[in-house]
Structures are given as structure tokens and as C-alpha cells.
Amino acid sequence: MKILYAEDDVMMQKIVVHSLVRLGYEVTTVDDGKEALESVESEEFDLIILDLFMPKMSGFEVVEIIRNELHIDTPILILSRSHLDEAIQKAYTAGANDFIVKPFDPEELIVKITKILTSKR
């Protein structure tokens, strides 16, 4: 299974990628929202994981374009330091499937990914 992970925090990238690769996922990482969109347009993924606040384009914008312009229904999981109900609701309204507030337990990430990918089948 292929996962796209868009995150500008290098340490967070390392933690998440390590957890996912250990479980056998193939992970493509990008550092900003623009690169995330370019990747989604050129490659098919089973799951997209996005940070909300990235350079060049926010996670909100990326989700909206994926859903409304590209019409791609790949599940999207948001990882964000924002714990504000408004940001969480905005992410769901844009088309995200789930949301995890940073910092998080890597086990929580695995549970959410498993749930999303199982329901996709």
C-alpha cells in the first residue's frame, strides 16, 4: 500500500515514516502543499496524510483541490498541531476523512490508518 505524507517538519517526517515503513507501507514524502498536489496528480496513493500548515499551500487548500477540482476520493488523514475545533471542522468540511492532533502516540496513527484503509476496501 502506498501512502503520500506531506509534512514540513523533518523530525515529524522521520517519526511517521519510520512507523509506516516498519508496518510495510511504501511512503512518499513531500515538504509542502504544492509538492503534495503534484504527487497526487502524477501518482496513485492508497492514503494521503497531510499537515495543515505547510509552506506554499496549506493542507486545507490541498484537500479542497483534491476533492473539488481533481475529484480524487483517496482517503485523507490530517495531522496537525491545531487542536481548535474550528480547524478540525474546516478540515472535515474540506473533505478530510480523519484528524489527529500533534503530538500523538504513533499507535494512534496506526489505528487510524488501519481503520481508514480497512473501510476503503
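For the range 1-13, which positions are surrounded by fewer than 17 Cβ atoms within 10 Å (Cβ to Cβ) and not in a helix (DSSP H, G or I)?
Selection gives M1, K2, D8, D9.
List every residue pair whose Cβ atoms sit under 9 Å apart, with the two residues 6 or more apart in sequence or on different chains, where the first one lies in the range 16-40 and is basic (K, R) and the second, anywhere, is surrounded by 20 or more Cβ atoms within 10 Å (Cβ to Cβ).
Going by the 9 Å Cβ cut-off, the qualifying pairs are K34/M54; K34/V62.
Any chance you could count how many residues in the range 65-77 are aliphatic (A, V, I, L, M) and either in contact with a Pro (Cβ under 8 Å, 6 or more places away or on another chain) or not in a loop (DSSP other than H, G, I, E, B) (or both)? Lay out the reasoning, then the answer.
Taking the range 65-77 and keeping what is aliphatic (A, V, I, L, M), we get 65-66, 70, 72, 76-77.
Now narrow it down to the ones that are either in contact with a Pro (Cβ under 8 Å, 6 or more places away or on another chain) or not in a loop (DSSP other than H, G, I, E, B) (or both): 65-66, 76-77.
Number satisfying all stated conditions: 4.
Restricting to the range 78-121, count the residues that are assigned to a helix (DSSP H, G or I), of a type in the set (K, R) and farther than 16 Å from K2 by Cα.
1
So which of V62, V21, V30, V16 ends up being within 23 Å of T118 (Cα to Cα), hydrophobic (A, V, I, L, M, F, W, C) and surrounded by 14 or more Cβ atoms within 10 Å (Cβ to Cβ)? Break it down stepwise before answering.
Details: V62 fails: within 23 Å of T118 (Cα to Cα); V21 fails: surrounded by 14 or more Cβ atoms within 10 Å (Cβ to Cβ); V30 fails: within 23 Å of T118 (Cα to Cα).
Answer to the check: V16.
So that you can scan it fast, the table gives a plain yes or no per residue for (1) within 12 Å of the chain's Cα centre (by Cα); (2) aromatic (F, W, Y); (3) modelled with pLDDT under 90; (4) more than 16 Å from P106 (Cβ to Cβ):
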| site | (1), (2), (3), (4) |
| --- | --- |
| I3 | yes, no, no, no |
| V10 | no, no, no, yes |
| Q13 | yes, no, no, no |
| R22 | no, no, no, no |
| V27 | yes, no, no, no |
| D32 | yes, no, no, yes |
| E38 | no, no, no, yes |
| L47 | yes, no, no, no |
| E61 | no, no, no, yes |
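Could you check the range 67-92 and list, in sequence order, the residues that are closer than 22 Å to V16 by Cα, free of Cβ contacts under 8 Å to residues at least 40 places away in the same chain and either among the hydroxyl-bearing types (S, T, Y) or surrounded by 15 or more Cβ atoms within 10 Å (Cβ to Cβ) (or both)?
Selection gives T74, I76, L77, I78, S80, S82, A87, I88, A91, Y92.
Got a number for residues in the range 1-23 being over 23 Å from S58 (Cβ atoms) and of a type in the set (G, A, S)?
Number satisfying all stated conditions: 1.
Would you please name the residue that is nearest to S119 (Cα to Cα), looking only at residues in the range 33-59 that are touching a helix residue (DSSP H, G or I) at 6+ places or on another chain (Cβ under 7 Å) and in a helix (DSSP H, G or I)?
Among those residues, the one meeting the criterion is V40.
I'd like the full set of residues that are of a type in the set (A, V, I, L, M, F, W, C) and either farther than 21 Å from G24 by Cα or surrounded by 13 or more Cβ atoms within 10 Å (Cβ to Cβ) (or both), limited to the range 93-121. So that I can check it myself, show each step before the final result.
Going through the range 93-121, the residues of a type in the set (A, V, I, L, M, F, W, C) turn out to be 94, 96, 99-101, 104, 109-111, 113, 116-117.
Correct list: A94, A96, F99, I100, V101, F104, L109, I110, I113, I116, L117.
The values are calculated or read from the model by the stated rules, or taken from the named source; none is laboratory data. As the structure is a prediction and not an experimental result, all values here were calculated from the model. Positions of Cβ are backbone-derived with ideal geometry, glycine not excepted, and every protein chain shown enters the neighbour counts.
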